[in-house]
Structure formats: structure tokens, C-alpha cells
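One structure is given here, and the rest of the page talks about it.
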Amino acid sequence: MSFRMFRRAGLAAIAGVTLVAGAVSAVAPVAAAQPAAPAAPSALARAADAASGLVASRPAELHASANDTFVQQQAIAGGAGLSYVPYERTYKGLPVVGGDFVVVTNAAGQVLNTSVAQDQTIDLAVTTAVVRKETAESTALRQLVRADRVVSTRQVVFALGTPRLAWESTVVGADKDGPSRLSVVVDALTGAVLNTQEHVMKGDGNAAYNGPKPVHLDTTKQGNNFLLRDPAHPSEQCQDLANNTTFTKTTDTWGNGNATSKETGCVDAFFVLQTENKMLTQWLNRNSFDGNGGGWPVRVGLNDLNAFYDGSQVQIGHNQQNQWISSLDVVAHEHGHGIDDHTPGGISGSGTQEFVADVFGASTEWFANEPAPFDTPDFLVGETINLVGSGPIRNMFNPSQVNNDPNCYSNAIPGTEVHKAAGPGNHWFYLTAMGSNPTNGQPTSPTCNGSRVTGLGVQTAVTIFYNAMLQKTAGMSYLRYRTATLQAAKNLTQGDCTNFNTVKAAWDAVSVPAQPGDPTCTPTGGNPVVTNPGAQSTVVNTPVNLQLRATGGTAPLHWTATGLPAGLSISDGGLISGTPTTAGSNNVTATATDSSSPARSGSASFAWTITPQNNDGPTVNNPGAQSTVVNTAVNLQLTATGGTAPLHWTATGLPAGLSISDGGLISGTPTTAGSNNVTATATDSASPARSGSASFSWTITPQTGGCPDPEWNASTSYVPNDRVSHNGHKWLSTWFSTGAEPGAPQSWAVWSDQGAC
Ligand SMILES: [Ca+2]
Ligand SMILES: [Ca+2]
Ligand SMILES: [Zn+2]
């Protein structure tokens, strides 16, 4: 609920306010429960490796341009052994807002799916801004009612929709509802505002009191004092906003039962904080609020009818009776904003941010499961005190019962005030958790399509929702949450579609329409089902990275394949890699075998065509000019790229004594000094055959050392006293001759043997 709405509501009668005593005492500090062990590092490392392999292959779903660079972020453990590996993207070195994505892997480190917001490849003609940075900052400041200052500005590519060169400024000040920390994206070519994102999540007025009494608090002992500081998560503490000082006492007994006491307000807030943290650990396998064992101080004492989370703290204000408003569903809601802020993609957009926070508020209330007359679990928000005599501030099973909030999604929702826009999402969560006609005493919930939905329980519903949050990117919306929750439900119970079908029915029941990216779910009866990657085509000598995927079966799956193109192999984890060496057609059958006993398996077959590198046929690699001494053995292997193997070789102009094999090996011993122009031709096996040639000179030089004279040449005319070398001997001309080979019979008449050389 926004400040504005709260104040208006506050004008109504408050006679109906009832309070439950809030006095709390606690026994001596008890060591905090150890958080559940996060997934073994090796699982996250396997996930990171699998994601690296997938991203290196630059699959089409990433819409990667040649100028895109991907930076892997810290992997996050989810439920059921799932891991989430987020990525950030740059384009020509500029950060891409909306270019982020998440790779999801299972317990065996196999990629299950990716979650990508960007739907177009970036191709910017210019990356130089036309709009000046200072102009963009002025535009950003104008988005605030009270503009204090610019915190930072950076040049980015904004890639939600058609990619644009932009300035992103973060400005602080206030808007009409209170403090604001706003990111503003301004088109760097036109100056138009492309996007804004608020980082201060204004709160919901309430006051709440927990029990049974005394509630237990895990406090910290420091010297002779006790502090309202979580011993396992020291960043989580409750402070007096007047001086940002953690409440400290010499006894470990807190609160006086008066809701106007800040200390009592802190008791409730601290109890909620620790209860929500237990839910994160026990239900969601999350390591505290920020995912790394940390959280934020809660500061009680905001002099406003408000509460908020702003990225570094939660501030708690008061109601009209000056009672601090730290109920389960308010404090847990504010921390829900913090969880949203500290999962991939950051704060959810398009009217989903308050829905996200309400899910954590309600789930914490159900985890606490307090008995009457305390804060019994429900799907109302802020019911603990009847602030204005007209009930809670939001209703999740029938949103229209409060302020006529929308029950059903429509195209108007993304532009609706964010607390009102929580209606369809809260309604979805109720239907997923409780169903339309619960049998546990919870109220019926009217669906927008008249359907009946059977619920899965709060723990399952919030587990699915949280695993969807781990697939967030920039630009989340109800439409993308539909896809992400379906994917999460499918991944968490692979091969079993019960939860998937409920999640789908619940979205249908609140009119969030089916999306092109929605996964499908087929119950497998336990057998692995290999997702067919479809026909593949690869050019010879191009590295391959193809991660196969399967659903169902008992993890880990073991992969084998037959018919792979020469040069490729498949890993146990299903990654096909290598470099194909030979053009041709291949029929591949990939099989995943599971770890059950007896093992079950599933296969998929697909064609894999390896094409020549050059569609014009072979290209002969020119060996360059050659030079060989007479009588020296030659072995020169010619090579070519492209064409359809095998290649057949021929050559013209070879030096006497040399020949070329069908495989392109030139060998033999040159017999005669002289210059030669060789043309080598490779002809491929395509039909019709294609060929390529290369020409090069080949000089055969006379033997050196003891034979200093030029080699005898059959076409040269010699006169007396000419000297030549031939067949390892020196010869002296004694008469006029042409074509008389020294040493041949009768040559004694014109040549005199001068001895070996
Ligand atoms: Ca309640
Ligand atoms: Ca409630
Ligand atoms: Zn909120």
C-alpha cells in the first residue's frame, strides 16, 4: 500500500482497531540454528561448467551478436538439486540492460533450460550518444517530485524491446509517495525516457503482535549486554531509527507490551525477520535474505504512516495511533522486496513487485503458523489490526474485496498502481497454494474462467515461485512469470506434471494468457525423455558444443550416442563436442540412461549434416615456390580445404623424376636442373565433382659441393673447353656438341670425364 493510499485510508474511523498484547520475554540467548547446508560447491561448479559450455556454443535463444560478451555470475542453489547460473551481457563493451539471462541445470549438472528476456539481436549503427550525459541526468532528475542528486550515470544498451543506445542514471530524492531511489533509462539518440525502476519499495501500514508468548528471539551477547542482533546473520538486527543504534539491554528480556514502544516494535520485527529466515532455509534452501547469509537492519521509528525497503535497510513507521507497524505480513513483505532485489534480474517490473513481496508475506505467516488469538495464517495482508474499520489492505483469494482491486489480468495491469496490480498475482498464488475450493477451512476463490483449481499447499507453491524468481531477468512481468513458474514446476518434479498443470490452471484462472515461451510437460512414467535437438548442420573444421537435454528418469543420467560425425564425441553428461573432420550425412541416435535399478533409458534420433567449408569446392593450399637439388629425394604433401572428401590429386609441369599420388603426395628424385611451373589440382567427390588448383614454381638446382659447374643441358650448344656437371662427374667439352649426353656411348668424342664430384 502506498503512502498516498494509506493516508487516505487513515481518514476513516479507527474505532475498530484491536491490539493483541505484544510483551515478549526471552530466555538466555540460544545458539542460532545452523542454516541448512547449501548445495555442495561441486554441484554449483558443475552447473557453472555446464552453463559455460552452453553459452560458448552461443545458442540462438541468446540472440548473441558478434559484439556480445557474456559474464557469468555466481551460481545459486535452488530446490530439488537445481542450480541457477546468471549471466550479464555487454555489447561492444557497454552493459546491456535486459541482456541478462539465467541457465538452469539439474543435480547432474545438465542444462534444463535458459531464461532470456532479450528477444532481438543487438545491431547498433552507432554507439556514440547524441544526447549529452548532463541532459540525460536532467531528464532523470525531472522524474522525481523532489530531486536531490544524481548518484551515477552510465552509458548502456537498453535491450528490452528494440535495442537502443541509452544513458542509465540513478537519482535520489522523493516522489509523491515518499523517498525515492530511481533508475532512469534515457534514449541517447532521442532523449526519450525508455524505462524507470524504483528501488525504494514503499510499505504497507500495519501493526502486528506475535505469539504464543513469549516468542523466542536469537539475540547476541556482547560483554554484559544483549543485542537484538541475529548471531548467525549479524547484518540482521533491529535498531532505533533515531540514532541507527541496535537495541541493547543488560537482560535478554525485551518489550513492554506497548505497541507505541520502539523496543516492542523491534521485538515483533526481529521475530518476523528470524521466522522468515527459517522459512528461507527450511523451505527454499536459501542462505538468508541476500542469498549470501546476510540481510539488512530493520529500523523502527520512521515518522511516517509507512514502511519501506530501499536496498540497504527496512524502515518501519507507525499507524494513526502511533503504534509501530511490524506485523508478520508487513515485515516479511518488505524483506520479500529485498529477496526480489537480490535474485537474478533485480526488482520485478510491470506491476509484479508487490505481488512478489506479498507471496513472502503470506508464506512467512503460514510458516509461522501461529495459533489463535495470535497472527493465524491467512491470505489477507495487514489483517492483524483492523486499521480503518474496513478490514485488511489486500485480499489474495478475492482481491476485489478490498478497494475493488483486480482479480484478473488484463493489458491494463502493467500500468496500474503497483499495490493494486498485485491482485492477479496474489490471486494466482492463492489458487496455486489453496485452490479455488479448499477443504481446509480457507475461503473459496472465484476464478476468472469459471474453472476449478486444486491447490498444492503453501510450501510447494512458494517453492515453485522462488525457483521461478531464480530465473528472473530484467523486464519481468506477469507474462514472463507465467513462463518462469511453469518452467520451475516442470524442473522441480521432472516427469511428473501434477504441479505444472496446477500452476498452468491457476494462471489460466486469473487470465494471464499462454506465452510462446511456455514449456510443455509430458508425464514420462519414469523413463527419461530425450529432447530432440532437431536436424543439425555443421561446416567441416568448425568446433561443436551441443548440450543434449532430457526430462524424467532418475538423476544422474548417462549419455551415449551412435552415428556421430567423425571428430565428434559425447560426454557422460550429454555434451557433444569436437571438430567434425569429414563432410557427409550422419544419422545420430542419442540415448540417456538413468540411475534407477533396473536402469531406464530414452533416445532421440536426428540427422547431422557436415558440409564442406567452401561450397565452391576444394581450395588448394599453395605450398609456395619450391627449390630442390638434383638427385635429392622429394616428399611434399599437398593439402586443401573444403570440397567433399575424398579428394583426388593431379599435377602438371612437375620436374622430371617427380610424380603426384592420388592423395596429393609429390615424391621421387629430380633428375634435371632447371625451372618448372607446377599446377596441382584437387578434385572432390561431390557430384558433379568440383576442383581447385594452385600453381607454383619448382627450381631444380645443380648439385653443389664437388660439382661446381652447371648441369649439362641437352639443348645447350657446347664448344671446346666448356665445363659441365652430370651424373656426379665433371666433364670438359673437347668439341662442338648439342644433345650429346656426357658419359653416353660415343660421347667420349666430345666430352672428357674429369672425375667424380
Ligand atoms: Ca494472519
Ligand atoms: Ca496476513
Ligand atoms: Zn511493498
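Couple of notes before you dig in:
Per-residue answers, yes or no, for (1) within 16 Å of ligand 1 (Cβ to nearest atom); (2) within 26 Å of G294 (Cβ to Cβ):
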position	(1), (2)
W366	yes, yes
E383	yes, no
P399	no, no
N404	no, no
S410	no, no
I413	no, no
A422	no, no
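- Of all residues in segment 404-424, those that are out of contact with any Asp or Glu (no Cβ under 7 Å at 6 or more places or on another chain) and within 16 Å of ligand 2 (Cβ to nearest atom) total 1.
- Residues that are under 28 Å from G349 (Cβ atoms) and of a type in the set (G, A, S) within segment 419-435 comprise A421, A422, G423, G425, A433, listed in sequence order.
- Check on F355, on the phi < 0 side of the Ramachandran plot, in contact with a helix residue (DSSP H, G or I) (Cβ under 7 Å, 6 or more places away or on another chain) and away from ligand 1 (no atom under 16 Å from the Cβ): yes
- At least 1 residues being under 23 Å from Q494 (Cα atoms) is the threshold, and among the strands (runs of 3 or more DSSP E) wholly inside segment 37-98 those reaching it are 83-91.
- Checking F367 against (1) touching a helix residue (DSSP H, G or I) at 6+ places or on another chain (Cβ under 7 Å); (2) within 16 Å of ligand 3 (Cβ to nearest atom), the condition it does not meet: (2)
- Qualifying residue in segment 278-301 (condition: under 24 Å from H199 (Cβ atoms), surrounded by fewer than 24 Cβ atoms within 10 Å (Cβ to Cβ), within 16 Å of ligand 3 (Cβ to nearest atom) and at pLDDT 90 or above): yes
- Filter pass, G265 being away from ligand 2 (no atom under 16 Å from the Cβ) and either modelled with pLDDT of 95 or more or part of a loop (DSSP other than H, G, I, E, B) (or both): no
- Filtered by the rule that a residue be within 23 Å of A714 (Cα to Cα), modelled with pLDDT of 90 or more, touching a Pro at 6+ places or on another chain (Cβ under 9 Å) and in a strand (DSSP E or B), segment 627-658 gives T628, L658.
- Here L431 meets each of (1) under 30 Å from V104 (Cα atoms); (2) surrounded by fewer than 17 Cβ atoms within 10 Å (Cβ to Cβ) with one exception, condition (2).
- The number of residues in segment 287-334 that are of a type in the set (D, E) and within 16 Å of ligand 2 (Cβ to nearest atom) comes to 2.
- Segment 405-434, residues that are free of Cβ contacts under 8 Å to residues at least 40 places away in the same chain and farther than 21 Å from P392 by Cα: N411, A412
- Identity of the residue in segment 159-180, modelled with pLDDT under 90 and among the charged types (D, E, K, R), that ends up surrounded by the most Cβ atoms within 10 Å (Cβ to Cβ): D177
- Single match in S693, S697 (criterion: outside any loop (DSSP other than H, G, I, E, B), assigned by TED's automatic domain parsing to the domain that holds W649, loosely packed, with under 14 Cβ neighbours inside 10 Å and in contact (Cβ under 8 Å) with a residue 12 or more places away in the chain): S697
- Count - residues of segment 77-91 that are at pLDDT below 95 and not small (G, A, S): 1
- Within segment 297-321, the residues that satisfy the criterion of being of a type in the set (A, V, I, L, M, F, W, C) and assigned to a strand (DSSP E or B) are V298, V300, A307, F308, V314, I316.
- Lone qualifier among S577, S569 - being touching a residue at least 12 places away in the same chain (Cβ under 8 Å) and among the small types (G, A, S): S577
- Among the residues of segment 727-757, just one is part of a loop (DSSP other than H, G, I, E, B), aliphatic (A, V, I, L, M) and at pLDDT below 90, namely A744.
- Check on G93, surrounded by 15 or more Cβ atoms within 10 Å (Cβ to Cβ) and at positive phi: no
- Conditions (1) more than 14 Å from ligand 2 (Cβ to nearest atom); (2) hydroxyl-bearing (S, T, Y); (3) buried (at least 24 other Cβ atoms within 10 Å of the Cβ); (4) modelled with pLDDT under 95: number failed by S390: (3)
- Looking at segment 217-257, none of the strands (runs of 3 or more DSSP E) lying wholly inside it contains 3 or more residues that are within 38 Å of the chain's Cα centre (by Cα) and under 19 Å from A332 (Cβ atoms).
The values are calculated or read from the model by the stated rules, or taken from the named source; none is laboratory data. Please read all numbers here as calculations on a predicted model, not as lab measurements. Counting neighbours? That spans all protein chains shown, and the Cβs are built from the backbone with ideal geometry, glycine included.
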